[in-house]
Amino acid sequence: MKVFVFCGTALFLTLSCQSESKSNHTEVPIREKAVVNPNGDSELSLLMRSMTDFMEKSKGNLEKGLDIQDCPEEFVRLSTAKETEGIIRDRNHFNAYSDQWLSDLEKMCSSKGQEQVQAYEKLRVSCLNCHQSYCQGPIPKIQRLTVQNP
Ligand code: HEC
């Protein structure tokens, strides 16, 4: 399976695709988090950590019955952020997933209540869809982002 090989051949890639970030902030500029991987981090991995933080925070809110209020604008950079070399071979293929994700994000941010919970789950599946093609390390983590007791 080619995709798996891409994310797994270099040890550094494996680490970077599996690192777990624990921060609770959503509004920290992604540059400030550039300390996790000593080999250096791509713009795209930093953005991913920021997206993961946002999902964790959103999950927490939804489980408490609270709506998600603010959606970070930085995520539009999903389509253009520079990736770790060798991960994306076909930009058009990648952007089909990123466009879908951004459209799911917009839908979630413009909905409320139970509808927002459903939109959140759709967004999470959209994370999974891209990861099945591009970088399988974080999949268990994305699975754990599911909303419990919605
Ligand atoms: C359009 C494709 C795509 C979508 C959508 C996507 N990812 Fe990623 N993700 C990637 C790629 C590619 C990488 C590897 C980035 C690199 O190394 O440059 C990555 C890396 C990661 C990482 C590892 C970051 C690190 O520390 O290096 C995590 C965690 C992650 N994604 C979580 C998520 C979550 C959570 C979502 C949904 C909110 C998501 N991803 C949506 C493609 C995607």
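Any read-out appearing in this document is the output of simple, stated calculations on the displayed coordinates, not a laboratory observation. Everything numeric here is computed off the predicted structure, so don't read it as measured data. Don't worry about glycine lacking a Cβ; one is built from the backbone with ideal geometry, like all the others, and counts go over all protein chains shown.
Below, the figures for the structure above:
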quantity	calculated
Sites Lys107 and Glu63, calculated FRET efficiency, Cβ-Cβ separation with R0 25 Å, nearest 0.05	0.80
Spin-label pair Arg144/Gln100, simplified geometry with 7 Å Cα→Cβ offset, distance in nm	2.5
